[in-house]
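Taking it in order: structure first as structure tokens, then the write-up.
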Amino acid sequence: MGLEVNAVYLSYVVHVLAVAGSVMVLVWNIHFRGGLAWESTNKNLIFNVHPVLMLIGLIIMGGEAIVSYKALPFKKAEKKLIHLILHAIALVLGIIGIYMAFKNHNESGIANLYSLHSWLGIGIIVLYGVQWVYGFLVFFYPGGTGDLRKESLPWHVLFGMFVYILAVANSALGFLEKLTFLESSGIAKYGSEAFLVNFTAIVAVLYGTFVLLTALSRAPAEDNHSYSAI
């Protein structure tokens with residue numbers, strides 16, 4: 001079942017939300033949280049890289065990868081390459097983002113993997129990696145047989161959507177967890193930073209929603225190569 005809406009129009013909303021989410025998470029971590037750092041005596045600056053890369057990398061770049069295969073008016077081979085590259089960027093940034101959370105915890109003497117957010121995060125990045133590798137081998141190089149690609153495509157799409165929904169949900173959980181820690185440390189519950197964090201999480205959820213709507217919508221009329229909406 002698909003939506004009788006042109007994917008291109010929905011993709012415009014996706015792009016606007018992508019810009020908004022990127023700006024908001026950067027303002028939060030640079031203006032309110034003091035900046036970003038790979039190495040610092042202030043370990044909080046190391047952790048700040050985590051939400052920035054997870055949102056801009058895994059969520060936004062991953063969403064753009066999904067949208068690119070449905071909304072871009074290019075040939076199938078070109079869209080497949082863009083789809084593959086954007087997902088690879090999202091995966092790499094996601095891995096670095098998780099590493100920065102571990103780095104902050106290890107250098108600060110904080111335990112790792114004690115929260116539901118962290119458990120889901122590890123599972124999601126593993127599933128994302130498996131999905132990318134399988135897609136690369138079957139649909140790009142060396143490429144499976146025609147029957148294998150045909151049979152795999154609906155499952156590839158469905159599994160990809162499932163992993164992406166998990167990623168978006170876990171990002172909202174991460175914002176909630178971090179804000180709870182900050183509020184317990186003294187920031188105002190109704191202050192500007194708290195509102196910014198909550199609205200950033202809302203934008204992330206809206207972004208993920210419109211990514212899925214775009215994937216379920218009608219491809220441009222001139223494009224007869226996209227996968228069918230599920």
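The values are calculated or read from the model by the stated rules, or taken from the named source; none is laboratory data. Remember, predicted model here, so these are calculated numbers, not experimental data. Cβ coordinates were reconstructed from backbone atoms using ideal geometry, including for glycine residues, and neighbour counts include every protein chain displayed.
Things worth noting here:
Matching residues to (1) closer than 20 Å to Val19 by Cα; (2) at pLDDT 95 or above; (3) part of a helix (DSSP H, G or I); (4) over 22 Å from the mean Cα position of the chain (by Cα):
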{"site": "Ser171", "(1), (2), (3), (4)": "yes, yes, yes, no"}
{"site": "Ala188", "(1), (2), (3), (4)": "no, yes, no, yes"}
{"site": "Val203", "(1), (2), (3), (4)": "yes, yes, yes, no"}
{"site": "Phe210", "(1), (2), (3), (4)": "yes, yes, yes, no"}
{"site": "Ala221", "(1), (2), (3), (4)": "no, no, no, yes"}
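- Within segment 65-94, residues that are assigned to a helix (DSSP H, G or I) have Cβ atoms under 6 Å from residues that are among the aromatic types (Phe, Trp, Tyr) in these pairs: Lys79/Tyr69; His83/Tyr69; Leu84/Phe140; His87/Trp132; Leu91/Tyr128; Leu91/Trp132, counting only partners at least 6 apart in sequence or on another chain.
- Flag: Gly62 does not match the condition of being free of Cβ contacts under 8 Å to residues at least 60 places away in the same chain and outside any loop (DSSP other than H, G, I, E, B).
- Residue match in segment 134-144 (condition: crowded, with 18+ Cβ neighbours inside 10 Å, in a helix (DSSP H, G or I) and of a type outside the set (Phe, Trp, Tyr)): yes
- Hits in segment 20-74 (condition: of a type in the set (Phe, Trp, Tyr), over 18 Å from Asn198 (Cβ atoms) and either more than 21 Å from the chain's Cα centre (by Cα) or surrounded by fewer than 18 Cβ atoms within 10 Å (Cβ to Cβ) (or both)): Trp38, Phe74
- Per the conditions (1) in contact with a Ser or Thr (Cβ under 6 Å, 6 or more places away or on another chain); (2) within 21 Å of Met61 (Cα to Cα), the sole criterion not satisfied by Ile202 is (1).
- Test: residue in segment 162-169 that is under 20 Å from His83 (Cα atoms), among the aliphatic types (A, V, I, L, M), touching a residue at least 60 places away in the same chain (Cβ under 8 Å) and out of contact with any Phe, Trp or Tyr (no Cβ under 8 Å at 6 or more places or on another chain): no
- Qualifying residue in segment 132-142 (condition: within 16 Å of the chain's Cα centre (by Cα) and farther than 30 Å from Gly35 by Cβ): yes
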